[in-house]
Amino acid sequence: MNAQLKIAGHGPELLGLESILIGSLPAALMTDEAPDRYTVEAVFTRKTDRDEVAAIQGGETRAHLSANGFPTVELHVADRRLEIANTNLEELRDGLAAVIADRLADISAGLQSERDLAAIRFQDASVREQRRAASVVALAESVSFARRPATAGSDDESRIEDWVEEGGAVRA
């Protein structure tokens with residue numbers, strides 16, 4: 001049996017980001033009124049699944065960003081977009097984008113490894129169950145309800161006589 005688990009919306013490619021949504025950037029960028037920090041939206045390379053979203057928005061990712069020098073940055077998934085809050089384009093260009101890209105690839109690869117391992121375990125359990133069921137059938141088929149042949153010096157009449165002598169019945 002060759003079973004494969006398919007995860008909706010999940011392909012073999014690692015999750016990544018394609019581009020920044022320019023229209024989502026503050027209109028005042030590169031002016032005197034430009035904010036220092038803002039939210040930048042980037043488009044994923046493919047649809048994320050529930051486990052990826054949980055990992056991206058989870059504590060391990062926040063810790064990873066902090067450990068790499070970006071303690072105020074927050075990530076949030078919205079459809080096929082990643083909202084990168086409390087940052088700016090310069091910070092993304094100067095290293096944050098690479099840190100995020102590495103983290104997304106790590107999340108994607110880690111989840112795929114977990115799914116592959118689960119599929120192997122499921123396959124192994126299925127094979128073990130098929131073998132067990134076949135063994136049960138073979139054992140059940142080995143049971144025979146045929147009478148045993150009479151042994152030498154023993155016949156039905158002598159067995160009946162023994163039974164009668166033990167008080168099993170009264171003979172007329």
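Sorted by average packing, counted as other Cβ atoms within 10 angstrom per residue and highest first, what order do 82-89, 125-132 take? Can you show the working numbers first?
Details: 82-89: 18.9, 125-132: 10.6.
Taking the mean over residues of other Cβ atoms within 10 Å, the ranking is 82-89, 125-132.
Report the calculated FRET efficiency for Arg80 and Asp102 (r = Cβ-Cβ distance, R0 = 22 Å), to the nearest 0.05.
Details: r = 20 Å, r/R0 = 0.92.
Computed FRET efficiency for Arg80 and Asp102 comes out at 0.65.
Count charges around Val43 for me, please; just the other residues with Cβ under 13 Å from its Cβ, Lys/Arg as +1, Asp/Glu as -1. Before the final figure, lay out the partial values.
Working: positive: Arg46, Lys47, Arg80, Arg81; negative: Glu18, Glu41, Asp79, Glu83.
Its environment carries a net charge of 0.
First compute the accessible area of the range 10-149 with a 1.4 Å probe, then give the percent of it belonging to carbon and sulfur atoms. Before the final figure, lay out the partial values.
Details: 5000 of 9060 Å².
Summing carbon and sulfur atoms, their accessible area is 55 percent of the total for the range 10-149.
For the range 47-137, what size does the Cα cloud have along each of its three principal axes, sorted from largest down, in whole Å?
69, 25, 19
The values are calculated or read from the model by the stated rules, or taken from the named source; none is laboratory data. Computed from a prediction, not measured in an experiment: that's the story for all the values here. All Cβ positions, glycine included, derive from the backbone under ideal geometry; neighbour counts span all protein chains shown. Surface areas here come from the heavy atoms of the whole protein model, side chains and all, with no ligands, DNA or RNA. Shrake-Rupley method; radii C 1.70, N 1.55, O 1.52, S 1.80 Å.
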